[in-house]
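Q: Once you've had a glance at the structure underneath, I'll fire off some questions.
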Amino acid sequence: MDVPTIRTAPGFHVELVHSVSRETQGSWVSLCADGRGNLYASDQYGPIFRVTPAPPASAKGKTVVQELALPIGGAHGLAWIDGRLYVVVGQKGIRAPGLYRISDTDGDRELDHVEMLHELDGEGEHGPHAVLAGPDGRSIFVMAGNGTRLPDLEASRVPRLWANDSLVSGIPALMGSESRGTPYGGWICRTDLDGKRWELVAMGLRNAYDLAMHPAGEVFTFDSDTEFDINLPWYRPTRVLQVVSGADFGWRGGAFKVPESAPDNWPSLISMGLGSPTGMTFGYGAKLPVRYQQALWVADWSYGKLHALHLKARGAGFSAEKEEIVSGMPLPITSLCVNEYDGAIYFTTGGRRIQSRLYRLTGTGPDADEMATLPGTSNSDIRIRRALERLHGKSGPKTLDALWPHLGSEDVWIRNAARVALEHVSQEEWEVRALQEAHPRTALSSLLAVARLGGSSNPSDLLDALARFDWPALPRAQRQDWLRIITLSFIRGPEVSADVHAQWADKLNPLFPTGDRELDALLLELLIFLQAPDVEAKGLARLENALTREEQITYAVSLRAGRNWTESSRKQFFRWLASTRAWRGGRTYGLVLERIGKDALMATPDAIRSDMQGILEAGPTEPAPPLMLQAGRGLVKEWTVEELVRLVEQDTSERNLERGRKMFAAVGCFACHRVAGEGGILGPDLTAVSGRLGVRDLIEAVVEPSRTISDQYGTATVTLLTGERLTGRIVNLTEDQLHLAENLYTPADVRRIAVAEVASVEPSKVSLMPKGMINFLEAGEILDMLAWLRSGRGQ
């Protein structure tokens, strides 16, 4: 394949600086600058190179690449700190994985000495990854993926309470690295410049690759989830995270993930959709317009994107707005850095032994030479959070008095920082205070800590305290927290009597269903565990009324453990299970559905198990698109943009938003699009679509999906040497293969194409979104659907 065509946003220019020789220089996956005009880059499986970039194209000169003649390589992370090169080796081969330091011992400006500071137990693409200078100049951060064991820790800011929590038997990761990964996921540690003292800062990541630090000292990372789980309810799109002290970001294998909305999880900065997160950096030091110097730059390997994230302080955390700056097809970006010597952002492409290149990104706008003023350190909320973080690991009455008022904060970052501080204090010093706390929000935060620590010293005290909460008086978010704490109390707390189970079943059963998918998921799991009467039939009805397959699977995970079915409802559940044999998703999707069916059979009495197995095996096996329109409903009209725009402009009636949501599901939109956390991730998230698109633009996107195709969700046309043209998403690249997903409804079905057979790869002019999907809807139904989308309300 030729050099890819690269598209840039207005005001930017990308220049090829060096084409890497695969035979002698490998495929580059890490990059840093030394502040003296040089870059350092590493082959994924081979040596480290010093690179002196050629001047811009208008000047004379050429790029000089020199291999470091030192016994080190396979570096995933590089950082120039205090005049020395710190290296995280992620691939074993030349040296064992771990943290290294390379120094110039004789002052000749040539690196000549390698020393291992700390060996790390993990390797490969889920092994040790990144190294970053700390804000104090005396420490460094080191990050590793979920295939790397924690080093011996001298301290941990994260309370050591991580576990795979599930009331009913959980579904673990069924294949891939996740099935072999650590129980705590990927992690971030802080150590001194000699790598002697290691402290855990955050964990619960999947496989973040890089770190970036804001000048104010805030650290960020960009994490992935396993693409095998696409379309399963626990799959998380890639997301940028603010790394705060003591954070557990909730990644666990399979269905054991801590729900993103759980009170013991941390929110993401921004969801980035499908992709493979790689390099990241802030733009300070680059000669770019000020807005972009202040931005957080993040790269995506799979879809060849470089985004600038524009951050704004929001309470004790941040919010972000993303802007695509660079894209190409294929453009597998692996790493990036700012070279303050010439004011450019440099980035590499490569990985997995594919062709690697070094590029330079520069600004062409009128204010590209204006240097941004470094931001202030914080606002009042951030100062409160940081003060609480300084209490992490401390104990005593003064610590309790300082943190307690903030357990009831409306700011999740402050509230979590206070709870983490609380969990570091001996429980006997504050348990009674938590059990007697009257303020609802403060009580929930402190009781969450009790539950996470294994319950109260008297087994019934925690559940008694939780029973005093008045469900109708609780806001929706606090209802969710309350249910999560009850769940953890039964999982982690001591065994309680059957009478206690019955009392809680009686208390919770009348609340189900609520019509809220997150609350109902929590309630159903609790009620199945408590063996509440009639809950299987109620849960099945809730499943059958759910509009997305993800929501249906959520309920099925709990229902598979039900023991109190009626004969008719059990058969109905197995007929639903049989219908899922035609569903498609990521590579584990079918395995999970098969596991749910097997577990349901194991929970079936012996006398009727073979009958249920017969129902299960009679289901369809051919892929079926996720359309919910009743069979036999015909074409209503081939709607045009102009017709629908007129309908919207002339409509003055109050629309039925719930019917609009149902119509969105009925024509299969939830299969690819997410709204308020519900639905697929193969297409753009439409939660805030009204803020991005006017009425006409929204209607055009629905009626004529190929008129304007977002670069982020565009597809490729792959032309083979035979002349055959294929269209789809390039989801993976290797040294000799290109993997193309041609059908959005079956993302695990990938066509493997030999690179040697490819003549060209170009952006496709045809969207993968089917045209005419709304032609089966009546005018009123379309108006309801558009009104619901524009409301941004979700369910």
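The values are calculated or read from the model by the stated rules, or taken from the named source; none is laboratory data. As the structure is a prediction and not an experimental result, all values here were calculated from the model. Glycine gets a Cβ as well: all are built from the backbone with ideal geometry, and neighbour counts include every protein chain shown. Just the protein is used for accessible areas: all its heavy atoms, side chains included, with ligands, DNA and RNA removed. Shrake-Rupley method; radii C 1.70, N 1.55, O 1.52, S 1.80 Å.
Q: Of [x] 29.8, 96; [y] 28.7, 92; [z] 27.3, 84, which is the value of Rg and Dmax of the Cα atoms in Å derived from the coordinates here?
A: Among [x] 29.8, 96; [y] 28.7, 92; [z] 27.3, 84, the one derived from this structure is [z].
Q: In region 688-756, what is the volume of the convex hull around the alpha carbon atoms, normalised per residue and reported in Å³?
A: Normalising the Cα hull of region 688-756 by residue number yields 119 Å³.
Q: What per residue convex hull volume, in Å³, do the alpha-carbon atoms of region 122-229 yield?
A: 114 Å³
Q: Applying a 10 Å radius around every beta-carbon, put 701-708, 668-675, 495-502, 32-39 in order of their mean neighbour count, most first. Walk me through the intermediate numbers first.
A: On the way: 701-708: 15.9, 668-675: 22.1, 495-502: 12.1, 32-39: 18.6.
Going by the mean number of other Cβ atoms within 10 Å, highest first, we get 668-675, 32-39, 701-708, 495-502.
Q: Still on this structure: Restricting the count to DSSP beta bridges whose residues both fall in the chain, what percent are antiparallel, rounded to a multiple of 5?
A: 95 percent
Q: Mind checking the dipole of the chain: about its Cα centre, +1 per Lys or Arg Cβ, -1 per Asp or Glu Cβ, Debye to the nearest 20?
A: My answer is approximately 460 debye.
Q: How far is the Cα center of region 508-581 from the Cα center of region 143-175, in Å?
A: If you average the Cα positions of each part, the centres end up 29 Å apart.
Q: How many percent of all Cα-Cα pairs in region 55-136 sit more than 17 Å apart?
A: 52 percent
Q: Continuing with the same structure: With charges only on Cβ, +1 for K and R and -1 for D and E, what is the dipole size of region 519-611 about its Cα centre, in debye, rounded to 20?
A: Result for region 519-611 is approximately 360 debye, rounded to the nearest 20.
Q: How big is the charge dipole of region 405-466 about its Cα centre, in debye rounded to the nearest 20, if each Lys and Arg gets +1 on its Cβ and each Asp and Glu gets -1 on its Cβ? Could the numbers behind the result be given before it?
A: Details: 5 positive and 9 negative charges, 36 e Å.
I would put it at about 180 debye.
Q: To continue, here is another question. Pull out a ≥ b ≥ c, the square roots of the eigenvalues of the alpha-carbon gyration tensor of region 545-602, then state rounded if a/c is under 1.5, prolate if not and a/b is larger than b/c, and oblate in the remaining case. Please list the in-between numbers first.
A: Working: a/c = 1.86, a/b = 1.50, b/c = 1.24.
Note, shape of region 545-602 comes out prolate.
Q: Give me the percent of Cα-Cα pairs in region 748-795 that sit more than 18 Å apart, rounded to a whole number.
A: Of all Cα-Cα pairs in region 748-795, 63 percent lie more than 18 Å apart.
Q: What whole-number value in Å² describes the accessible area per residue of region 141-226 for a 1.4 Å probe?
A: 31 Å²
Q: What Rg and what Dmax come out for region 264-304 when only alpha-carbon atoms are used, in angstroms?
A: That works out to 12.8, 41 Å for Rg and Dmax.
Q: Calculate for the chain the 222 nm mean residue ellipticity that helices alone would give, adding -39,500 (n - 2.57) per DSSP H run of length 4 or more and normalising by residue count, nearest 500 deg cm²/dmol. The partial results should precede the final answer.
A: Details: 20 runs with 210 residues, N = 795.
Taken over the chain, the calculation gives -8000 deg cm²/dmol.
Q: Also, I was wondering about something else. Using the Cα centre of region 497-598 as origin and beta-carbon charges of +1 (Lys, Arg) and -1 (Asp, Glu), tell me which of Val500, Trp583, Ile596 is placed farthest towards the positive end of the dipole.
A: In region 497-598, that residue is Trp583.
Q: Need one number: nm distance between label points at Asp82 and Val766, each 7 Å from Cα along Cα→Cβ, rounded to one decimal.
A: For Asp82 paired with Val766, the spin-label model returns 6.0 nm.
Q: With point charges of +1 on the Cβ of Lys and Arg and -1 on the Cβ of Asp and Glu, referenced to the Cα centre of the chain, which listed residue (Ala299, Ala477, Thr226) lies farthest in the positive direction of the dipole?
A: With unit charges placed on the Cβ atoms, the residue in question is Ala477.
Q: Hey, another quick one. Is the shape of region 400-491 best called rounded, prolate or oblate, per the rule: a/c under 1.5 gives rounded, else a/b larger than b/c gives prolate, else oblate, with a ≥ b ≥ c the square roots of the Cα gyration tensor eigenvalues?
A: oblate
Q: Another one. Between Ser319, Gln44, Val718, whose Cα lies farthest towards the positive end of the dipole of the chain when Lys and Arg beta carbons carry +1 and Asp and Glu beta carbons carry -1, centred on the Cα centre?
A: Towards the positive end, the residue furthest out is Val718.
Q: Once you compute Rg and the Kirkwood Rh from C-alpha atoms, what is the Rg to Rh ratio for region 497-625?
A: 0.98
Q: Once you order the gyration tensor axes a ≥ b ≥ c over the Cα atoms, which shape class does region 217-278 get: rounded for a/c under 1.5, otherwise prolate or oblate by comparing a/b with b/c?
A: oblate
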